[in-house]
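Values in this text are rule-based calculations from the coordinates and carry no lab data. What you see is a predicted model; the values in this text were computed from it and never measured. Cβ sites come from the backbone with ideal geometry, for glycine too, and all protein chains shown count toward neighbours.
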Amino acid sequence: MSDDTEGKPQSGTAEVEAQVDHAYDLDEKARAADYKADAVQAENAEHNMTVLEAVRAYPMATFWAFVMSCTIIMESYDVFLIGSFVALPEFINEYGVYDAAKDIMVLEPKWQSALQVSGQLGALIGVFLAGPLTSWIGYRWATILALMLLNVFIFAFYYASSMPVIFVAQLLEGLPWGIFIANAPAYCSEIVPIQLRAPATQMLQMFWAIGSIIVGAVTYAYSGYNSPIAYRIPIALQWMFPTPLAILMFIAPESPWWLVRKGRLEEAARSVERLGRRSKLNSSETVAMMRRVVELERSEKEPNLVELFKGTDLYRTLIVCGVYAAQNLTGNLIANQAVYFFEQAGMDVHTAFALGLITSALQMIFVMLSWILTTYLGRRTIYLWGSFFNVVLLVALGIAGSVGQSTSASLAMASLGLIISVLFTLGPAPASWVIIGETSSIRLRPLTTGIGRASYYIVEIPCIFLGSYMLNPTGANLGGRCGYVWGGTGLFCWIVAYFWLREMKNRSYREIDILFKRKVPAREWTKTVINVEDDE
């Protein structure tokens, strides 16, 4: 009797617990359904926005993307500065050697190449640091740390008195560059809605052009000085960037996608509210959309480099690496060494610097035109057509360099060099930044953009040596005939892009994830419809 009495409460307790568990499961399913409904609502809202509506809804997102893009000025400034120094008479007189055959001072090819590769070596290390560092402390603090380090490393460059010291100083400056260049496209693509991803990430190319404009103006103004001021002042002007940008980044919102990945949903909602107008969006729905994508990519492990080379993430990594590497094989090096190229094409020093400045100004204008083209025509279309015309122009440059020495040939080479440098910033270059920002998965984005930029430097470093050797009078002295070489590599890149490159225009990150997981062929992406309810 006592056993029965004891058994009844136990049975009743078990029944109550089962009912509680069942009610909890129903509640969990209800919450999941609500969270997915909010996610669908937010994604539909982004899809239905026009570009102008997106700007009105997210005015501060545009501003903070602008601020982050400014960090690219510093790498651009220094890359073009070194490219200008190899053509600057006072710098050559200070650090060059006497060429008895031509009765002039010249930089030795080994140092000319070493100077241009030193910053890239540092940046190569920096991009490998950027991924783990950003995954750990976020985009804001990683960028602030890099800006403060850059302030210190500029001292080494300014007070350097020999080529080896300049080489080391440039290598150290490259470390923060690597963090900037890895983080900027990822941050810009994460803080804006679908319709603004293209212009927000293409701003990076515009600021690359702005860096070259500042360098062009400064070196043009000081190129006539017969003292170390001609190159010391341009070096010192680097200090005008890091501190103001660090202050702005301190008050900038963190990427809400990064906060959602870390499970900090309330902070993510506040970040969304800081990026947009509350009257134009629902922050809880936007965070729900982010949660949906993060859940789609969920893994128990912390993001690591090994994952970049597994499954569909391998394919995504290869696309990012390929687009980055191709920048060095389709005319970018001619753009980066424009002043030196113009000199080798027969222009005098003053005219070469003036043409370099004009080239940089035109590049900035053409980048702004690319915002319209890429937003409305798509990334793949602009990239492929831009790359194709670049190949044609590079071959034409080679032909102009093959017809012999004449004023007409020199003018043709200088004109084609300018056109190649400018059109590169209308098609392949700005479209590349959009593709890089969109292709990687949200979870692995800091690592993917880092490893992608590493591939850029791995290809660029030998290409710099090759490019310097091809142009240098004491090297191959090819002049415009280098167009044949870059035309050949550009054609190879175009063929690979035709078969591999996806069109991600108007695709949410959820849709991009699903299309990659379904292994939809590149040319079928525009025809494939993804239901808004699909999660796989």
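Tabulated values for the structure
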| quantity | calculated |
| --- | --- |
| Contour excess over end-to-end distance, with Cα ends at I247 and E302 and 0.36 nm allotted per residue | 16.8 nm |
| Long-range Cα-Cα pairs in region 304-535 (distance over 34 Å), rounded percent | 21 percent |
| Sequence-separation-based contact order of region 245-311, relative, with Cα cut under 8 Å and 6+ spacing, percent | 27 percent |
| ³J(HN,Hα) computed for each position of region 184-199 - Karplus, 6.51 cos²θ - 1.76 cosθ + 1.60, integer Hz, glycine/proline x | 4, x, 5, 4, 4, 6, 8, 9, 10, x, 3, 5, 9, 4, 5, x |
| Gain on full stretching of the segment that runs from S415 to M105 - 0.36 nm per residue minus C-alpha separation | 108.9 nm |
| Among 424-433, 505-514, 86-95, the order from most to least packed when residues are scored by Cβ within 10 Å on average | 424-433, 505-514, 86-95 |
| Directionally averaged projected area (convex hull, Cα atoms, region 59-252), nm² | 11.3 nm² |
| Amide H contacts of M105 (H built 1.01 Å from N, under 5 Å, at least 5 apart or other chain) | D99 |
| Dipole moment magnitude, nearest 20 debye, region 304-535 about Cα centre, only Lys, Arg, Asp, Glu C-beta charged | 500 debye |
| Residue-span extension gain [I233 to M60] - 0.36 nm each, minus C-alpha spacing | 58.8 nm |
| Whole-angstrom gap from region 37-57 to region 129-184, using each part's C-alpha centre | 37 Å |
| Square roots of 5 times each gyration tensor eigenvalue, C-alpha, region 192-233, largest first, Å | 36, 7, 4 |
| Förster radius 22 Å - calculated FRET efficiency between E295 and K527 (Cβ-Cβ, nearest 0.05) | 0.20 |
| Distance between modelled label sites at V403 and K262, nm, 7 Å Cα→Cβ extension | 6.0 nm |
| Order by protection proxy (mean Cβ within 10 Å, highest first), peptides 147-160, 521-534 | 147-160, 521-534 |
| Sequence ranges 187-200, 260-273, ranked by mean other-Cβ count within 10 angstrom, highest first | 187-200, 260-273 |
